[in-house]
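Here's the structure, in structure tokens; my notes come after.
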Amino acid sequence: QVQPVESGGGLVQAGGSLRLSCTASGLIFSSSIMGWFRQAPGKEREFVAATRWDGSSTYYAESVKGRFAISRDNAKNMFYLQMHSLKPEDTAVYYCARSDINPIGTSPARYHYWGQGTQVTVSS
């Protein structure tokens, strides 16, 4: 089982916070990249944030920079997306994904293992 598994989605009011969790599985390398993407209805899947498993680099989409933070717990094979100051336009299904292609990329095509997604809904 290599597919990651997300949890932690839900309904939150605008301005609120939510933390998503992702359990990584399989053989994970220090150079593996764990990323978060989101997809709103009728829109393409878009990059949110990603980090190398060894923590040496992290990258955020401009739309979430300063509001979202990615973190890891390597001992538990977990990584997280802490979301603050949520906006209605953040509403989407959020996916965690894994890539073994460096450096960090924003294209979904670079990520080979995907979770099933978790719904985040931000009400106005």
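Scanning the range 1-25 for residues that are touching a Lys or Arg at 6+ places or on another chain (Cβ under 8 Å) and either crowded, with 17+ Cβ neighbours inside 10 Å or within 11 Å of residue 113 (Cα to Cα) (or both) returns 2, 4, 24.
Against the test of being polar (S, T, N, Q) and touching a Gly at 6+ places or on another chain (Cβ under 6 Å), the options 56, 21 yield a single qualifying residue, 21.
Here the range 65-124 is the region considered, the condition is being part of a strand (DSSP E or B) and among the polar types (S, T, N, Q), and the residue that is farthest from residue 19 (Cα to Cα) is 99.
Being of a type in the set (Phe, Trp, Tyr) and farther than 19 Å from residue 116 by Cα is true for just one of 36, 53. Which residue is that? Can you show your working first?
On the way: 36 fails: farther than 19 Å from residue 116 by Cα.
Only one candidate qualifies: 53.
Among residues of the range 49-76 that are basic (Lys, Arg), those with a beta-carbon under 6 Å from a residue that is open to solvent by less than 60 Å² (accessible area, probe 1.4 Å) at least six positions away or on a different chain give the pairs 52/33; 72/79. For the range 70-85, indicate whether the set of residues that are surrounded by fewer than 16 Cβ atoms within 10 Å (Cβ to Cβ) and among the charged types (D, E, K, R) is non-empty. Yes; the residues of the range 70-85 include at least one that is surrounded by fewer than 16 Cβ atoms within 10 Å (Cβ to Cβ) and among the charged types (D, E, K, R). Per the listing 72, 67, the residue uniquely at negative phi, modelled with pLDDT of 95 or more and not hydrophobic (A, V, I, L, M, F, W, C) is 67. Selection over the range 77-98 of residues that are within 13 Å of residue 34 (Cβ to Cβ) and over 12 Å from the mean Cα position of the chain (by Cα) gives a count of 1.
The values are calculated or read from the model by the stated rules, or taken from the named source; none is laboratory data. Quick caveat: nothing in here was measured; it's all calculated off a predicted structure. Reconstructed Cβ throughout: ideal geometry from the backbone, glycine too, with neighbour counts over all protein chains shown. With ligands, DNA and RNA removed, areas are computed over all heavy atoms of the protein, side chains included. Shrake-Rupley method; radii C 1.70, N 1.55, O 1.52, S 1.80 Å.
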